[in-house]
Amino acid sequence: MTRLSVNINKIATIRNSRGGNNPDLVQVAKDCEHFGAQGITVHPRPDERHIRYNDVFELKKIVTTEFNIEGNCQEQKFIDLVLANKPEQVTLVPDVLGQITSNHGWDTIKNQAYLKDMIRVFKDAGIRVSIFVDPVVEMVEAAATTGTDRIELYTEAYAAHYSQGKELAIAPYIKAAEVAQKVGLGLNAGHDLDLHNLKYFAENIPGLDEVSIGHALISDALYYGLENTIQLYLRQLA
């Protein structure tokens, strides 16, 4: 069964908009786990506009499922943060400074040497590594030679084209997943997956270990409540 990791960045965004500690990020993480989530994901950025670096230290103390820290390993501050907290998984994302949200995967061919060096840093610390990639066969094949344990397929294109034709939208992801299985990579996915498109994706992608979902899930929780929303997402993965 595919695991659900809840990205709680949006909870931090709401908290930061007013100052103080409402909503309580740590309590929300605990509640997500209590309601059935099998992981907690955070993506701290240099400007700390949502997740603050100190949040990561506080979350590390209480997360009992899988803790996944996403971010840009081209920033030394991020590297230091991950090594200090040693989550179960680090997901390396090629963001640029000031980027609103992640919008592309690594070029695993051009960045092969760099990725090998960075992945070794985290794996030597006992941290499982996943790298963010687009659903392109060549990028998946090259990812396999970086030393990464997993890849995370960037699913924005699938979500954007789902309503226009789900078979065509998912086709490159199936190919990418089949290649990942062939070369021995674990497989995660995330970005714009929601209650409308998640079930079809999970049913058709072979070897899907984990999905990381934040924006859509937190938005749905405004209507359905957090506990019910997490259960709704888990049913899509069952």
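The values are calculated or read from the model by the stated rules, or taken from the named source; none is laboratory data. Since the structure is predicted, the reported quantities are computational estimates derived from the model, not experimental observations. A quick note on method: Cβ atoms are made from the backbone with ideal geometry, for glycine too, and the neighbour counts reach across all protein chains shown. Each accessible area value is taken on the protein alone, full model and side chains, heavy atoms only, with ligands, DNA and RNA left out. Shrake-Rupley method; radii C 1.70, N 1.55, O 1.52, S 1.80 Å.
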Check: In the range 41-54, what residues are surrounded by fewer than 16 Cβ atoms within 10 Å (Cβ to Cβ) and modelled with pLDDT under 95?
Finding: Pro46, Asp47, Glu48, Arg49
Check: Considering only residues of the range 1-40 that are among the charged types (D, E, K, R) and assigned to a helix (DSSP H, G or I), which is surrounded by the fewest Cβ atoms within 10 Å (Cβ to Cβ)?
Finding: Arg18
Check: Is there any pair linking a residue in the range 1-20 that is farther than 20 Å from Thr65 by Cα to one that is of a type in the set (Asp, Glu) and outside any helix (DSSP H, G or I), with Cβ under 8 Å and at least six apart or on different chains, and which?
Finding: Arg15/Asp24
Notebook entry, point to check: Within the range 197-213, is there a residue that is at pLDDT 95 or above, more than 18 Å from Arg3 (Cβ to Cβ) and open to solvent by 50 Å² or more (accessible area, probe 1.4 Å)?
Noted result: no
Margin query: Being open to solvent by less than 30 Å² (accessible area, probe 1.4 Å), at pLDDT 95 or above, in contact with a Gly (Cβ under 7 Å, 6 or more places away or on another chain) and under 19 Å from Gln38 (Cα atoms) is the requirement here; does Ile218 meet it?
Written below: no
Note to self: If I filter the range 47-61 for residues that are assigned to a strand (DSSP E or B), of a type outside the set (D, E, K, R) and touching a residue at least 40 places away in the same chain (Cβ under 8 Å), do I get at least one hit?
What the structure shows: no
Item checked: Members of the range 86-114 that are more than 17 Å from the chain's Cα centre (by Cα) and either open to solvent by less than 60 Å² (accessible area, probe 1.4 Å) or modelled with pLDDT of 95 or more (or both) -> Gly98, Asp107, Thr108, Ile109, Lys110, Asn111, Gln112, Ala113, Tyr114
Next item on the list: Mind telling me which of the residues Val133, Val121 ends up being modelled with pLDDT of 95 or more, open to solvent by less than 30 Å² (accessible area, probe 1.4 Å) and of a type outside the set (D, E, K, R)?
Entry: Val133
Margin query: If a residue counts only when it is over 23 Å from Lys10 (Cβ atoms) and touching a residue at least 24 places away in the same chain (Cβ under 8 Å), which helices (runs of 4 or more DSSP H) contained entirely in the range 82-195 have at least 1 such residues?
Written below: 112-124, 137-143, 166-182
